[in-house]
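Reading through the C-alpha cells given below for one structure.
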Amino acid sequence: MASRLTSFVSNYLYEQRIRQDSLSVERLASTVAPLFQSVRSDALDELLMTSGGEMGGRLMVLDNDGKVQYDSFSALMGTRLQLPEVLAILTGGENTGYGIHHPSGEGEAVAYCAARLTGTGGTLGVLLYASTVTEMMNSLQGVERQLIMVFAAMALVAVVAAFLVSHVLTRPITAMTRTIDRMGQGDLSVRVPEQGSKEIWNLAKSYNTMAEQLETLDRSRNQFVSNASHELKTPMTTMKILLENVIYQPDMPAEVRNEFLQDMNHEIDRLTNIISDLLTLTRMDSKAMELNPSAFDFSQSCEDTLRLLRPQAEKRSQRLTGKIDPAITLVGDKVKLEQVIYNLVENAIKYTPDGGAITVSMGRRGSQAVLSVRDNGVGIPEDDQKHIFERFYRVDKARSRETGGTGLGLSIVRQLVTLHGGSIAVESKPGSGSTFTVKLPLRQAERAGKEG
C-alpha cells in the first residue's frame, strides 16, 4: 500500500512537471519559429535569454540536423545533440518530447523538453528546454521516505489495536464456541451471554433465539412422542381387556359378548383414525403431501359438506345452519379444503350440547374468502386457546375421548390452511361457545378465471 501511494504521488508530481514544461515550451515555440525562419538573430537571442531566465533553465534552438543554432548559455553553438527527445521530433514525427537524463552518471538529473518549430515550409527545427530536476527528485524521495515511516507507524498501531480488539472480540466468540459444543453434545438449554460489540451482541441474541426454538422444538417432539404413545396405548389396552374377558369367560352371555366385540371394533376404528391422522401430519411435515390445485366452487363445497353433516346434528337435536354466499371460486385442492370444512363443523357438533346451534358462514372480504364456524357449546378457556392447534392437545381430555376425537383434527386443519396460503384463528369464551375463522386468498382464483 505504501509503495502504491508513493508511486501515485511520484507519478502525479512528475506528470505535473511534464505538463507545465510542455505547455511553456510549446507556447514559446510558436514565438520562436518566425524569428528563427527570418533569421532575426538578435531578437531570438534576447527572447531565449529572457525566457530561459524566467523559466529557470536553458533554451536552445536546433535545426533539422539536430545542430544547436542558438543557446541561451552560448556554450553549445554548432554542437549536434543526439537526444531521444530531439530525434522523436525530427525523425519520429512527434510534436513534443520529454525525458530526464543524468549527463554525469550519478550527478544531478536534467529534464529535457522539446517542441517542434514549424514554419511556412514545414519543420524548421526543435526548441529544446533543459532544466535541473534534482530538487524535484530529492523531494519525491523525501516524500517516499515520510510515507514509508507513516505507514510503518500505522502498521504498528494496527497490529497493537488488532491484538487488543481480537482479545476483546474473541472472549464472547470463545464463550459461544463452548456453548455450541455443549449444544452439540445434546444440552439444548445452554445460552451465550449477550455482550460485546453490536454485531457480537446481535449474533449472540440470534443464537439464543435459535437455541430457544430448538429447545422448544425438541420439547414439542418429545411431548408429541409421549402423547402419540399414550393415544395409541389407550385403545390397545382397552382392546386387550375386552379380549381377555371374552377369552377367559367362555360362558359369557351372547349379548354381552357382542357388546364387547362392538367396543373392540370401536377401539380399532379409533386406533385406525389416530394412525391415519398421524400419517397425514407426517406427510405434511416432510413436505411429501402434494396439492392438486384447481379452480372450484368453494360455496358449493360448503353446502355439500353441511348436507353430509346435518344428519349428525339432527341426531342431537342441533340446529346446523349455513349462510353461504354463492359462486365464490377458489384455486386449491378441493378434497383437502373440503376436509378443512368437514373437520371444523364436525368438531363443533361434537362439542356443542344437545339442542345447541351451529352456524357456518362463508363470504368474500376483499381479496379473501372467509369461512366462519360458530357454535354455542362449552367454549375454550383463554389459556388453552393458544395451544388448541397443537397435536394431541385436549382442553378436556376425558370428554375429548368420549367424543371419539384423535386430538389431531385441528392440527391437520391448520396445516392444510397454511399449505393453501391462508390463516386460521379461534375466538372463544367458556360457556359462550367458540368461533373458528379461516381466511383463504382469492387472488389466484381471480387470475385463473380471467385466463380461462
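Values quoted throughout were computed directly from the atomic coordinates according to the rules given, and no laboratory measurement underlies them. Bear in mind the structure is a predicted one, so any value in this text is a computation, not a measurement. Using ideal geometry, Cβ is built from the backbone for each residue, glycine included, and neighbour counts are taken over all protein chains shown.
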Cα-Cα longer than 29 Å, checked against LYS334/LYS429; LYS240/LYS429; LYS205/LYS386; LYS315/LYS386; LYS350/LYS386, kept in input order, equals LYS334/LYS429; LYS240/LYS429; LYS315/LYS386
In nm, the gap between the two label points placed 7 Å beyond Cα toward Cβ at GLN20 and ARG364 is 8.1
For GLY125, the residues 5 or more places away or on another chain with a placed amide H closer than 5 Å to its own amide H are LEU117
The extension gain from HIS387 to ASP263, computed as 0.36 nm times the residue separation minus the Cα-Cα distance, is 41.5 nm
Taking r as the C-beta separation of ALA425 and ALA152 and R0 as 56 Å, the FRET efficiency to the nearest 0.05 is 0.25
For the range 86-98, Karplus-derived ³J(HN,Hα) couplings (6.51, -1.76, 1.60; θ = phi - 60°; whole Hz; x for glycine and proline) come out as 6, 5, 4, 8, 6, 10, x, x, 7, 8, 9, x, 8
Listed by chain and number, the residues whose amide H is under 5 Å from that of VAL133, excluding neighbours fewer than 5 places away on the same chain and using placed H, are ALA109, VAL110, ALA111
Site SER294, offset 7 angstrom along Cα→Cβ, radius 19 Å on amide nitrogen, limited to the range 323-346, gives 327-341
Under 5 Å from the placed amide H of GLU94, counting only residues 5+ away or on other chains, we find ILE89
Once phi for every residue in the range 72-80 is put through the Karplus expression 6.51 cos²θ - 1.76 cosθ + 1.60 (θ = phi - 60°), the whole-Hz ³J(HN,Hα) values, with Gly and Pro written as x, are 5, 9, 6, 10, 10, 4, x, 8, 8
